[in-house]
1. Go through the stretch 248-278 residue by residue and tally those that are assigned to a strand (DSSP E or B), charged (D, E, K, R) and buried (at least 18 other Cβ atoms within 10 Å of the Cβ).
2. What pairs come out if I take residues in the stretch 284-313 that are touching a residue at least 40 places away in the same chain (Cβ under 8 Å) and pair them with residues that are assigned to a loop (DSSP other than H, G, I, E, B) and among the β-branched types (Val, Ile, Thr) whose C-beta lies under 6 Å away, six or more apart or interchain?
3. So which residues in the stretch 220-266 are within 30 Å of Ile184 (Cα to Cα) and among the polar types (S, T, N, Q), if there are any at all?
4. Mind checking which residues of the stretch 307-322 are of a type outside the set (A, V, I, L, M) and farther than 30 Å from Asn332 by Cβ?
5. Among the residues of the stretch 125-138, is any farther than 30 Å from Ile213 by Cα, in contact with a Lys or Arg (Cβ under 8 Å, 6 or more places away or on another chain) and crowded, with 16+ Cβ neighbours inside 10 Å?
6. Give the residue that is surrounded by the most Cβ atoms within 10 Å (Cβ to Cβ), with candidates limited to residues of the stretch 103-124 that are of a type in the set (Val, Ile, Thr) and farther than 23 Å from Thr233 by Cβ.
7. When you scan the stretch 217-228, do you find a residue that is under 22 Å from Asp111 (Cβ atoms) and touching a Pro at 6+ places or on another chain (Cβ under 9 Å), even just one?
8. What number of residues in the stretch 440-480 are in contact (Cβ under 8 Å) with a residue 40 or more places away in the chain and either closer than 24 Å to Phe235 by Cβ or in contact with a Ser or Thr (Cβ under 6 Å, 6 or more places away or on another chain) (or both)?
Amino acid sequence: MSYAPLGYYARLGTSRFLGKDADRQTLLYIIEIDWDMDGEYDGANESRFLVPGTFLSSRGRENFLRAGGDGFERIDTGVCTLTLDNSTRRYDPRNTESPLYPHLLTTAERDARILIKNGDAGEIYEIMTGRLVDFSPVSDGRGRKTFRVRIEDPMRYLRNRETNVDVQVNFKTHEAIGAVLDDIGWPWGRNLETAIDTIPYWWVFGRSPYMEIQELTESELGQFFIAANGDATFFSRFHSDNEPLSLSAGQISPEIIERQPAETLRDRVVVKIHPRFARATSTLWTLQDAPGFLPAGQTREIWPEYTYNDRPVPAINVIEPEAETDYTAYSNSSGSGGTDLTATLDAKLSNFGEGGKLVITNTGGSDFYYWIKIRGDALDAPDTASAKAGDGERLFVLDLPWQQKIASGQDSANYLHSFLSSPEKYYLTVSVEGLPEKQFSKDLMGWAELNIVTRSISSMFRISKIVNRAIARSVVRTTFWLEPILGLDNESNLTQLPFQLPAQLP
């Protein structure tokens, strides 16, 4: 067997894969990047340039609760980093001979995906789908040229946008998540389970889609994440996994990280509830620096924010501004003694719950001064209620705007307390090597049945984080963070709480 000189590795050829014989079963990487940003992969596999031991992917969350006990820890953007051999200058942005020229002259984001194949005839497993967000050519002190790549999953897309959706009445959680994805033009797939909860009033105005979806999900006590194939995925609290991953002590590394009960136990739970009701029609917003001035033929865009008794509120039945009642326009700034130009003012309102977009156009041939207001029915929440369970010292607080029903809030508090106050529950981190069907077949929030006789562990867990790290030319270590799943109550296997919260917290 021959080796590449000066410490370099041999790239994949017709008979070798990263220096290994072709007939030896090994992991094969598939790294596809839409370099020319045409929306399609051209079939090129960058894995033939992958520097051994530089592949690292990470998706999920390490903790079930935030450290301060003020809510759940949220799944952030998944990241994959790797290094490619650039000795041929394939990834040199100014190399006009490169097949990638001139696509590397811009740092614009482009689609990318990572898959792993278990040998030439084995299964293909999706590891991450997202976009290439950063790259940089690197040269070390020995003159070796490499190319560092950073790929992030579509959670980044949710973080970098703004969403607006008008008030919806009696809306399911999954419907609200779908409305957010529609509003931002979500370009990947989606897998949204039917939710359990119905929200009396839901809207979103000028918020991050990431924050909005996370709050919706937590109010449902469900889970939201980006799947390995890029799908925006929502699991209701009724979600179950019919084919859990089975892991025994002989299949995992001996280094098992276990969080101590004191880190995870919460024996007092408070759920904040924000009931809302519609007020009588009133003025929600008035142009305060009136009069406004608008030259002939011009348009102005204003984003009003609604209030009731000086409190920010969403609103329903918002009235399209009416001439004379809601707005007037005159040729002078006093509003009297001049020419009435109200007929030449056109006002269009798009409502988004807590505010809207108001477009004012001067359709006439003269400049004018204008006065304008917006009316509607405020959805007021003047009084917040607290549902409490337990009287211990370690507090967990859930305070979200979509908890709007007292009875449901109390049931949530009771259920969370029964789950979080049990010191017998395990939160574990385990690693697996050399077993691709165990390492790559389960996605985030999939279930894993772990059996370790020597530690008296025989329980079902949920996979909350997955890290894949290349530790050798053809060896990947997969690390799973495992959260407990609350077992069914007693012998009935059917026990549920009054508002149909199941006995399992997925």
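The values are calculated or read from the model by the stated rules, or taken from the named source; none is laboratory data. All of these numbers come straight from a predicted model, not from anything done at the bench. With ideal geometry, Cβ positions are generated from the backbone for all residues, glycine too; neighbour counts draw on all protein chains shown.
1. Just the residues of the stretch 248-278 that are assigned to a strand (DSSP E or B), to begin with: 248, 257-258, 268-273, 277-278.
Now drop any that are not charged (D, E, K, R), which leaves 258, 268, 272.
Pick out the ones that are also buried (at least 18 other Cβ atoms within 10 Å of the Cβ) and you get 268.
Count: 1.
2. Short answer, once both residue conditions are applied: Tyr306/Val313.
3. The answer is Gln223, Asn229, Thr233, Ser236, Ser240.
4. Within the stretch 307-322, the subset of a type outside the set (A, V, I, L, M) is 307-312, 314, 317, 320-322.
Tyr308, Asn309, Asp310, Arg311, Pro312, Pro314, Asn317, listed by residue number.
5. So the first thing to find is which residues in the stretch 125-138 are farther than 30 Å from Ile213 by Cα, and the list is 136-138.
So of that shortlist, the ones also in contact with a Lys or Arg (Cβ under 8 Å, 6 or more places away or on another chain) come out as 136-138.
Those still in the list that are crowded, with 16+ Cβ neighbours inside 10 Å too: 137.
Scanning the stretch 125-138, I find at least one residue that is farther than 30 Å from Ile213 by Cα, in contact with a Lys or Arg (Cβ under 8 Å, 6 or more places away or on another chain) and crowded, with 16+ Cβ neighbours inside 10 Å, so the answer is yes.
6. Just the residues of the stretch 103-124 that are of a type in the set (Val, Ile, Thr), to begin with: 106-107, 114, 116, 124.
Then drop every residue that is not farther than 23 Å from Thr233 by Cβ, which leaves 106-107.
Details: Thr106: 10, Thr107: 12.
Checked the stretch 103-124; the qualifying residue surrounded by the most Cβ atoms within 10 Å (Cβ to Cβ) is Thr107.
7. Within the stretch 217-228, one or more residues are under 22 Å from Asp111 (Cβ atoms) and touching a Pro at 6+ places or on another chain (Cβ under 9 Å).
8. Initially, the stretch 440-480 is screened for residues in contact (Cβ under 8 Å) with a residue 40 or more places away in the chain, giving 440-455, 460, 462-480.
Still in the list and also either closer than 24 Å to Phe235 by Cβ or in contact with a Ser or Thr (Cβ under 6 Å, 6 or more places away or on another chain) (or both): 440-451, 460, 462-468, 474, 477-480.
Looking only at that region, the number is 25.
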